Amino acid sequence: MATEAHGEEGGLVFHPMDQFIVKPLFGDGGVGMFTITNVTLWMALAVLAIVGLMVLATSRRGVIPSRGQSIAELAYGFVYKMVEDVAGKDGVKFFPYIMTLFMFIVTANFLGLLPLAFTTTSHFAVTGVLALLVFFTVTIVGFVKHGTKFLGLFWVSSAPLALRPILAIIEVISYFVRPVSHSIRLGGNLMAGHAVVKVFAGFAAIAVVSPLSVVAITAMYGLELLVAFIQAYVFTILTCVYLKDALHPSH
Amino acid sequence: MATETHEAVGEGLADATGVAAHGADAAPGMPQLDFSTFSNQIFWLLVTLVVIYFVLSRIALPRIAAVLAERQGAITNDLTAAEDLKRQAVEAEEAYNKALADARAEAQKIVAEAKGEIQAELDVQIAKADAEIAAKAAESEKAIAEIRATAMQNVEIVAKDTAAEIVRALGGKADTATVEAAVNSRIKG
């Protein structure tokens, strides 16, 4: 209440980034490696949500599925088809890995939309690790499966010979930029959306603007619901595309 | 609360002035760039991913795959069964149609036979009746002829008697032979 009163008196106060602060759940100490923080809490909730959807909801193993089981099957079919279509038949053995990424991202994104929630996937530490895991997996799989032929990915044999070295440099750069774009796309989208909602919420302190602010927050929230799913989808499908490059490196 | 607000204002200003001025502090402009929390986040992320991976790959995904396969199997079986039943239905219909046609042919045969029998019997009876009728007609004709002959005879006798009586009544003397000759010539004439 004091904040609102203060805001009306002394101008607007925005704390759009406060929601992203990592802090310990118990006590006031610093954040060490193994400290139980709000990150731990919301990741644990994501795990619980995934277990609830994928394990508990499917426990009846009904030939005629319940509502929860339908959603679990839908998620399974969605990712499975994506892996099969994009990465090919031999990409299917990476399906549990890709399913893990998709389920974690989509669950964390949606949990982050709950009021007062902490969005784990809005942190570059998290999305960066996810992207690097994909990057290293793809690189290692590429070299293990194809050896040095994997480097053919950078040698565009369909281009004129004179252009090939230049293209190779561009390809190499783009290859190493992948984890950066991969992680910043996800983290940046979520961070920006959540911050914008917070900014609109800050405007609600002015009585005249507050109805408009509420409408804007509602609209942004709808958009964020869309973004939460789309970013998980984009991350997953890009993983499949990168995996396809590793499995079938020829252009 | 009020003091917190004041502090927050300070931070907000720091946000506005930029991350660089504030970067190393406990609460920098962008918490995403606060590297002191990275190890914590990465640690818990890896724990989370490992847990999710094992839950999915050991329990959830095989289970869902089994359920989907089972459903696919059930659907395939049902479709096969439906195909089978449909075929049986078609067969049954064919058999029914055939039985119907057979029965119809049989019925027609029976009708034709019955008709033939009846016709034959009828012919026989009609012939018999005709013969009887002809016999009776002949008999009747004979009887009529007899009656006619008797009647002619009677007429002759009556005429002769009558003529004789008339002659006698007129005072003549009736000669039997003359009267008979006269009557005979008259009847013939």
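Only one of the numbered conditions (1) surrounded by fewer than 18 Cβ atoms within 10 Å (Cβ to Cβ); (2) within 26 Å of A:Ile105 (Cα to Cα) is not met by A:His248, and that is (2). Figure legend. Inter-residue proximity from region B:51-66: first residues more than 7 Å from chain A (Cβ to nearest Cβ), second residues aromatic (Phe, Trp, Tyr) and surrounded by fewer than 18 Cβ atoms within 10 Å (Cβ to Cβ), beta-carbon distance below 6 Å, spacing 6+ or different chains. No pairs are indicated. The condition of being aromatic (Phe, Trp, Tyr), more than 11 Å from chain B (Cβ to nearest Cβ), in contact (Cβ under 8 Å) with a residue 24 or more places away in the chain and under 29 Å from B:Arg58 (Cβ atoms) holds for A:Phe110.
In region A:210-233, the residue that is farthest from A:Ala131 (Cα to Cα) out of those that are surrounded by fewer than 16 Cβ atoms within 10 Å (Cβ to Cβ) and among the aliphatic types (A, V, I, L, M) is A:Leu212. So A:Gly128 passes all but one of these: (1) surrounded by fewer than 18 Cβ atoms within 10 Å (Cβ to Cβ); (2) within 30 Å of A:Ile21 (Cβ to Cβ); (3) of a type outside the set (Lys, Arg). Which condition number does it fail? All conditions are met except number (1). Among the conditions (1) modelled with pLDDT under 90; (2) part of a helix (DSSP H, G or I); (3) of a type in the set (S, T, N, Q), the only one that A:Thr236 does not satisfy is (1).
Evaluate the following for A:Pro65: is it out of contact with any Ser or Thr (no Cβ under 6 Å at 6 or more places or on another chain) and closer than 18 Å to A:Leu45 by Cβ? So A:Pro65 does not fit the description; no.
Taking the stated definitions as given, is A:Gly188 assigned to a helix (DSSP H, G or I), modelled with pLDDT under 90 and under 30 Å from A:Thr107 (Cβ atoms)?
Taking the combined requirement at face value, the residue does not satisfy it.
Within region B:60-79, the set of residues being more than 14 Å from A:Val47 (Cα to Cα) and of a type in the set (A, V, I, L, M, F, W, C) comprises B:Leu61, B:Ile64, B:Ala65, B:Ala66, B:Val67, B:Leu68, B:Ala69, B:Ala74, B:Ile75, B:Leu79.
The set of residues in region A:31-62 being within 7 Å of another protein chain (Cβ to nearest Cβ), at pLDDT below 90 and surrounded by fewer than 19 Cβ atoms within 10 Å (Cβ to Cβ) consists of A:Gly32, A:Met33, A:Phe34, A:Arg61.
Among residues of region B:67-80 being of a type in the set (A, V, I, L, M, F, W, C) and more than 7 Å from chain A (Cβ to nearest Cβ), the one that is farthest from A:Arg67 (Cα to Cα) is B:Leu79.
Please state which one of B:Ala112, B:Ala66 is surrounded by 10 or more Cβ atoms within 10 Å (Cβ to Cβ) and within 30 Å of A:Met103 (Cβ to Cβ).
Selected residue: B:Ala66, the only one of B:Ala112, B:Ala66 that is surrounded by 10 or more Cβ atoms within 10 Å (Cβ to Cβ) and within 30 Å of A:Met103 (Cβ to Cβ).
Okay, residues lined up against (1) loosely packed, with under 13 Cβ neighbours inside 10 Å; (2) in a helix (DSSP H, G or I); (3) of a type in the set (Lys, Arg):
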| residue | (1), (2), (3) |
| --- | --- |
| A:Val156 | no, no, no |
| A:Pro165 | yes, yes, no |
| A:Ile173 | yes, yes, no |
| A:Arg178 | no, yes, yes |
| A:His194 | no, yes, no |
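The set of residues from region A:63-77 being exposed (fewer than 15 other Cβ atoms within 10 Å of the Cβ), of a type outside the set (A, V, I, L, M) and more than 9 Å from chain B (Cβ to nearest Cβ) comprises A:Ser66, A:Arg67, A:Ser70.
Could you tell me whether region B:32-47 includes any residue that is within 53 Å of the chain's Cα centre (by Cα), assigned to a helix (DSSP H, G or I), exposed (fewer than 15 other Cβ atoms within 10 Å of the Cβ) and facing chain A (nearest Cβ under 10 Å)?
Checked against the condition, which is being within 53 Å of the chain's Cα centre (by Cα), assigned to a helix (DSSP H, G or I), exposed (fewer than 15 other Cβ atoms within 10 Å of the Cβ) and facing chain A (nearest Cβ under 10 Å), region B:32-47 yields no hits at all.
Restricting A:Met99, A:Met103 to residues that are surrounded by 20 or more Cβ atoms within 10 Å (Cβ to Cβ), over 20 Å from A:Leu225 (Cβ atoms) and either within 11 Å of chain B (Cβ to nearest Cβ) or charged (D, E, K, R) (or both) narrows the list to A:Met99.
The values are calculated or read from the model by the stated rules, or taken from the named source; none is laboratory data. Computed from a prediction, not measured in an experiment: that's the story for all the values here. Here Cβ is always computed from backbone atoms with ideal geometry, including for glycine, and neighbour counts include all displayed protein chains.
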